[in-house]
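A.B. asks: The structure under discussion is supplied below as structure tokens; questions concerning it will follow.
Read the figures in this text as sums done on the coordinates, not as results from a lab. Since the structure is predicted, the reported quantities are computational estimates derived from the model, not experimental observations. We place every Cβ from the backbone using ideal geometry, glycine too, and count neighbours over all the protein chains shown.
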């Protein structure tokens, strides 16, 4: 088994509490590593697990887990935990896992999950939507689609995400979140393969030739999955297509590195907005 056999990787560093006196990882921790990677695998599918399973009408239960040891991981090793869905049966799915230290294969694993009714834990057929999502991911397809448009078309879904992120999670007052600018803005919403909205943002005209991006919100379970980047890139494309030369935004300081990675540059001093530290950032784009 080689690294190139996998598309998905989760990276971790071995911690002191996970090793014995010889600084070798306790065997039981390898299953924990695979379990952690499974959570990130669902994130890569753009599926917030709990909500996705509720929509699918079931849940996944581990039926069998087997581990084969080739070599030991040690204290402070950087490990890559690889996963792939190798087979989907009527009600079960089989994941193959591997742990690498660089290119060295240390551990392999097979995880068998059964899709079942949460109330009775009796097996059910794997829903076609889940089957299609897993197959598409392993084939290298994109997991989220982006729609752009006006508030009349996308406001319901965009508003739902913003309510969850800004009002419920960040406790921003409703009268600071909702404004008349939504009616004039171009909105972008990311949808996963189940049709669930998972991220949003909006684009305004700040001044002639200058666009302003705002209200960027990503479902908390999917941050770091790439859907926020897709939303931002979609809004940048809209701004470029209409001839804007520059895009600016007010970034929460906790998200500053995200925007820097997409070419935005901080300017001016940090400030507070709705009680949250922000910094203004901008990026030049090539208009028509």
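A.B. asks: Compute the separation of the alpha-carbon centres of region 137-164 and region 246-282 and state it in Å as a whole number.
C.D. replies: 23
A.B. asks: Semi-axes of the equivalent ellipsoid for the chain, please: Cα gyration tensor eigenvalues, times 5, square-rooted, ordered largest first, whole Å.
C.D. replies: For the chain, the ellipsoid semi-axes come out as 39, 24, 17 Å.
A.B. asks: Next question, about the same structure. Place the peptides 211-217, 271-277 in order of packing, highest mean first, counting for every residue the other Cβ atoms within 10 Å and averaging per peptide.
C.D. replies: So the peptides 211-217, 271-277, ranked by packing, come out 211-217, 271-277.
A.B. asks: For region 245-288, what's the relative contact order in percent, using C-alpha pairs closer than 8 Å and at least 6 residues apart?
C.D. replies: With pairs under 8 Å counted, the relative contact order is 52 percent.
A.B. asks: Relative contact order for region 104-196: what percent, with Cα pairs under 8 Å and sequence separation of 6 or more?
C.D. replies: Reported as a whole number, the value is 33 percent.
A.B. asks: To one decimal place, what Kirkwood hydrodynamic radius in Å is obtained for region 145-284 from all pairs of distinct Cα atoms?
C.D. replies: About 15.1 Å, per the Kirkwood formula over Cα pairs.
A.B. asks: Next question, about the same structure. Obtain the nm distance between the two label points defined at residue 39 and residue 120 by a simple spin-label model: each point lies 7 Å from its Cα along the Cα-to-C-beta direction.
C.D. replies: 3.1
A.B. asks: Whole Å is fine, so just give me how far the alpha carbon centre of region 1-20 lies from that of region 188-244.
C.D. replies: 32
A.B. asks: When ranked by the protection proxy of mean other Cβ atoms within 10 Å per residue, highest first, what sequence do the peptides 31-38, 260-267, 185-192 form?
C.D. replies: Those peptides, ordered most packed to least, come out 185-192, 31-38, 260-267.
A.B. asks: How many nm is it between the label spots at residue 237 and residue 273, if each spot is 7 Å from the Cα in line with the beta carbon?
C.D. replies: Modelled inter-label distance: 2.5 nm.
A.B. asks: If you don't mind, there's one more thing I want to ask. Grab every C-alpha pair in region 64-197, bin the distances at 5 angstrom width from 0 up to the longest one, and report whole percents.
C.D. replies: 2, 8, 12, 12, 12, 11, 12, 12, 9, 6, 3, 1, 0
A.B. asks: Would you mind checking the tilt of helix 227-241 against the longest principal axis of the Cα atoms of the chain, expressed as 0 to 90 degrees and rounded to 10?
C.D. replies: Approximately 30 degrees, to the nearest 10.
A.B. asks: Using only the alpha-carbon atoms, what does region 6-86 span along each of its principal axes? Please give whole angstrom values in decreasing order.
C.D. replies: Computed over region 6-86, the largest-to-smallest principal extents equal 47, 24, 23 Å.
A.B. asks: In deg cm²/dmol, rounded to 500, what helix-only [θ] at 222 nm does the chain give when every DSSP H run of at least 4 residues adds -39500 (n - 2.57) and the total is split over its residues?
C.D. replies: -7500 deg cm²/dmol
A.B. asks: Roughly how many nanometres apart are two label points built 7 Å out from the Cα toward the Cβ at residue 179 and residue 223?
C.D. replies: 2.3
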